[in-house]
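A.B. asks: Structure in structure tokens, see below.
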Amino acid sequence: MIQGQQPELFKFKTNESQGAVECLGLTFGNDTARRAYFTEKLREKLQDPLFRHVEGFPLGSDEDILALSDPPYYTACPNPFFAEFIKNHAQTYVSENDDYHSTPMTFDLSFGKTDPLYGANSYATKVPHQAIMQAILHYTRPGDVVLDGFAGSGMVGVAAQACAHPSAAFKQTIEEEWNAAGMPAPQWGARRAILNDLSPIAGFLSANYNLPFEVEAFAAEAQRILEETKLELGWMYETLHTDGQTKGQMTYTVWSELFSCPDCGGEIDLFNQALDPKSKRIRDEFVCPHCRAELNRRRLNRSYETCFDPVLAKPIQRLKRRPVLINYVIDRSRLEKLIDEDDLATLHRIETLSPGPRSRHTKCR
Ligand SMILES: C[S@@+](CC[C@H](N)C(=O)[O-])C[C@H]1O[C@@H](n2cnc3c(N)ncnc32)[C@H](O)[C@@H]1O
């Protein structure tokens, strides 16, 4: 569970070197001291069997939960500091003072999926934060607390914070659209977010999207990992250009599904037998290369192969397919070639790699 912090989060800076910090009414010499204090509090709480008995409590050791957490802001389990957070950041509800009024938001919300923040994770059901921002701007005021009990990758938290730092283009678009719709101008400024999700990976993503961190240290570490990965795995993405000398960088490989002919049982490779190279679509009718029978896609039988899955450590059945085409780049030029012997040898080398100490190599029949 993540709790919104100070509204300046979106500047992506930690408090690590900033001296004294205040958190939930306590003052600490620095942020490391804050983390150490609340980590101990969380450690004590994890000893409480009733706490661990909460429905949906993650299966994990105390040490793993503590290592993932950054309490009180993020705990990789139900957040025991939640009540304290509310006490510090919310006011007791008094109906006589309640002047909140908001008309229903009646226009459609949509936003493209091209923002780098949206692309930075592959959580299945994520929503672009700019779309959420519009609902938050409409229904809340700066400083309000927004609760998302089903937060997924934490985009509501990103949106709540981004209300303080919209890009100039986004701000202008929203203000113009709202004006045209006869709505009052949005009140920019951060809201605080409480994010919760049943899934530990969702909580982890939300935390990493929403908690501050050292940009330079992150960039340097990311670059180091990229370089190390390239050294170790870069050969998997290399392909020899058709001149037989230059090495290209693969962008993607096209795989063709394999079927069998319903008349003679011969193998049909859809890419080679049925693809129209001009339209790049599968032809409605084509001929079996073995018995010359007239075929169409509906008449074909699927082919399967049995493989040993080294991760599951058991045999699995999968659709038969074959790599046929490689798209690659040399000096910014996009090129295409049919798969060759070298590429097949690379794929074979990859297949025989072991993903873990316990696993055996992939074998198919
Ligand atoms: C549609 S997704 C939310 C996606 C999110 N808006 C985003 O941008 O990433 C719904 C989430 O609800 C979570 N969920 C389902 N049942 C839940 C429960 N009982 N308590 C908490 N979270 C739950 C799922 O794990 C999932 O992450």
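Bear in mind that the values in this text are calculations on the coordinates, not laboratory data. From a predicted model like this one, the values you see are computed outputs, not experimental measurements. For neighbour counting, all protein chains shown are included, and Cβ atoms are generated from backbone atoms with ideal geometry for every residue, glycine included.
A.B. asks: Test of understanding: extend the Cα→C-beta vector of residue 37 to 7 Å, then name every residue of the stretch 53-90 with backbone N under 15 Å from that spot.
C.D. replies: 71-73, 81, 84-85, 88
A.B. asks: Divide by every residue of the chain the summed helix terms, -39500 (n - 2.57) for each DSSP H run of at least 4, and state the resulting mean residue ellipticity at 222 nm, rounded to the nearest 500 deg cm²/dmol.
C.D. replies: Using -39500 (n - 2.57) per qualifying helix, the result is -9500 deg cm²/dmol.
A.B. asks: Write down the Kirkwood hydrodynamic radius of the chain, to one decimal in angstroms, obtained as one divided by the mean of 1/r over all alpha carbon pairs.
C.D. replies: Result for the chain stands at 25.7 Å.
A.B. asks: Turning to a different aspect of this structure: Label points 7 Å out from Cα along the Cβ direction at residue 332 and residue 95: separation in nm?
C.D. replies: 6.8 nm
A.B. asks: Based on the alpha carbon coordinates of the stretch 231-351, what radius of gyration and maximum Cα-Cα distance (Dmax) apply, in Å?
C.D. replies: Calculated on Cα positions, Rg and Dmax stand at 17.0, 50 Å.
A.B. asks: For the pair residue 117 and residue 59, what calculated FRET efficiency results from E = 1/(1 + (r/R0)^6), where r is the Cβ-Cβ distance and R0 = 22 Å, to the nearest 0.05?
C.D. replies: It comes to 0.15.
A.B. asks: Suppose R0 equals 45 Å; then what is the FRET efficiency for residue 231 and residue 110 from their Cβ-Cβ distance, rounded to the nearest 0.05?
C.D. replies: Calculated transfer efficiency: 0.60.
A.B. asks: Also, quick follow-up: Report, in degrees rounded to the nearest 10, the 0 to 90 angle that the Cα long axis of helix 31-46 makes with the longest principal axis of the chain.
C.D. replies: 80 degrees
A.B. asks: Between residue 50 and residue 242, what length in nm is gained on full extension when 0.36 nm per residue of separation is reduced by their alpha carbon distance?
C.D. replies: Between residue 50 and residue 242, full extension yields 62.5 nm more.
A.B. asks: Let me ask something additional. Measure nothing fancy, just the Cα-based angle from helix 168-180's long axis to the longest principal axis of the chain, in degrees from 0 to 90, nearest 10.
C.D. replies: Roughly 80 degrees between the two axes.
A.B. asks: Report Rg(Cα)/(2.2 N^0.38 Å) for the stretch 21-79, keeping two decimals.
C.D. replies: So the stretch 21-79 has a normalised radius of gyration of 1.15.
A.B. asks: Of all trypsin sites (Lys or Arg not before Pro) in the stretch 22-76, which ones are in loop regions per DSSP and have a Cβ with at most 14 other Cβ atoms within 10 Å?
C.D. replies: none
A.B. asks: By how many nm would the segment from residue 349 to residue 282 lengthen if fully extended, with 0.36 nm per residue of separation less the alpha-carbon distance?
C.D. replies: 21.0 nm
A.B. asks: Also, I was wondering about something else. Using alpha carbons only, how many degrees (0 to 90, rounded to 10) separate the axis of helix 200-210 from the longest principal axis of the chain?
C.D. replies: Approximately 60 degrees, to the nearest 10.
A.B. asks: Something else: On a C-alpha basis, how far is the centre of the stretch 186-204 from the centre of the stretch 53-131 in Å? Whole number, if you could?
C.D. replies: Using only Cα atoms, the two centres lie 3 Å from each other.
A.B. asks: Separate question: What is the gain in length, in nm to one decimal, between residue 103 and residue 321 on full extension, counting 0.36 nm per residue of separation less the C-alpha to C-alpha distance?
C.D. replies: Full-extension gain reported as 73.0 nm.
A.B. asks: Which of the peptides 152-162, 340-350, 104-114 is most tightly packed, and how do the rest follow, going by the mean number of other Cβ atoms within 10 Å of each residue?
C.D. replies: Per-residue mean Cβ counts within 10 Å order the peptides as 152-162, 340-350, 104-114.
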